[in-house]
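J.: Structure incoming, see below.
The values are calculated or read from the model by the stated rules, or taken from the named source; none is laboratory data. Because the structure is predicted, anything quoted here is derived from the model rather than measured. Every residue, glycine as well, gets a Cβ built from its backbone with ideal geometry; the counts of neighbours run over all protein chains shown.
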Amino acid sequence: MFEFIIPIKTAWLYKRSAMEVTLLPRFSIVFALFLFPTLNAFALGDDVELVLTIVEQPDNHVQLAGTTNLPPGTKLMLSVKEKMENGFSGQSSCIVSKDGTFRSETFGPRDGLKDGRYIAQAVMPISAAQTADVKKLIGDKGEKLTGPLVETGRFGRTVSQRTGFSIGEDPDAAQAARISDAIAATAVIKRNVCVLLEQLLKFKDEPKFREFGFGTAGPYNKWLKSVEALRDSTPTGQHPIPLLVRTAPGDLLMLGMDYTRNRESDYSRQMLPELKETIEYSKYLATKGKPLARTPVFRTWKDSTGKFSVEAKLVKKSTTHVVLRKKDGATVNVAIANLSAADKEFLSGEASSESQGRQKQ
């Protein structure tokens, strides 16, 4: 047993001599420290426990929190991923506290998570990513970790826990509608890029193009402005439209710029086939003479405030209003100006498809 003298009420008395000065505390208290390890939540021989919970925040944001018997100071990687292709995905990290609890940063885009289903996950990375104190308890490769949550990989053992959660009253319907919207919007972007690529391949070798390029006084500046407008109107950030499709207008613009300098270059030889594959150019050429099939689909329509919401399909559209038919057969007339930005984007894609379909007929 060790004894530590801890002074309290520091009323000090001084003894002086020619060689030294001694400080003597008037009052002291004795603490005993026995020889055993510092108390940790984690004990060798116990299976790893990790409970993961979802903490809902205002405006459809969430945090991940939980408890674990992993040692204090253990690093955890936390993530939230939407259960749809190209949906929301976010990551965060945190440290297990002394009381065995942990909590993440807030997850969600600025306007909150969309209605739908999500997977939350907490992962303890390999021991090499942990501090020296944690390594002493779990092993250099996590070999002291046991239990059903432990996974063994090439570089050591990790711990993983997952749980699902949903946002909104009808997450499945909302998610299905957004998937349908994304498919339609993706098709519109692909077709628009195909049309502009076809034009570029026709005029890139013309003498006038070699002379004027995309200058404002030349006949090809309109093409340049069209590509720039398409690029600027394409969604950025996390979005269900595939990233390669969203960057296709920018790739097309770079390809056009390259053709102003060279009839063909290493860049264009590599970029052109990749761009054609992304936008399904061969499919476009095979079907461009045929009218576009338009099958109305049910989707979730919302107003700009988010208060109005209805599951319906588009049956009629004018310049100012849309007529929507609900699943029970009832129709509702809505002003386009009052619709959400996502609905307006959907209608813009519908208008583009209709226009191209009429041109092909």
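J.: Select from segment 72-102 the residues that are surrounded by 18 or more Cβ atoms within 10 Å (Cβ to Cβ) and farther than 17 Å from residue 161 by Cα and write down the one among them that is nearest to the chain's Cα centre (by Cα).
T.: 88
J.: Output the residues belonging to segment 124-134 that are surrounded by fewer than 17 Cβ atoms within 10 Å (Cβ to Cβ) and either closer than 15 Å to residue 96 by Cβ or not assigned by TED's automatic domain parsing to the domain that holds residue 98 (or both).
T.: Result: 129, 131, 133.
J.: Sticking with this one: Looking at segment 298-324, which of its residues are farther than 15 Å from residue 175 by Cα, at pLDDT below 85 and surrounded by 13 or more Cβ atoms within 10 Å (Cβ to Cβ)?
T.: Once the filter is applied, which keeps residues that are farther than 15 Å from residue 175 by Cα, at pLDDT below 85 and surrounded by 13 or more Cβ atoms within 10 Å (Cβ to Cβ), segment 298-324 yields 303, 304, 308, 313.
J.: Collect the residues in segment 244-288 that are loosely packed, with under 13 Cβ neighbours inside 10 Å, assigned to a loop (DSSP other than H, G, I, E, B) and either of a type in the set (Lys, Arg) or in contact with a His (Cβ under 9 Å, 6 or more places away or on another chain) (or both), keeping them in residue-number order.
T.: Listed by number, the list holds a single entry, 263.
J.: Please find, among 202, 225, 208, the residue that is loosely packed, with under 14 Cβ neighbours inside 10 Å, out of contact with any Leu (no Cβ under 7 Å at 6 or more places or on another chain) and under 21 Å from residue 283 (Cα atoms).
T.: 202
J.: What number of residues within segment 112-165 satisfy the criterion of being touching a helix residue (DSSP H, G or I) at 6+ places or on another chain (Cβ under 7 Å) and either among the basic types (Lys, Arg) or free of Cβ contacts under 8 Å to residues at least 24 places away in the same chain (or both)?
T.: The total comes to 8.
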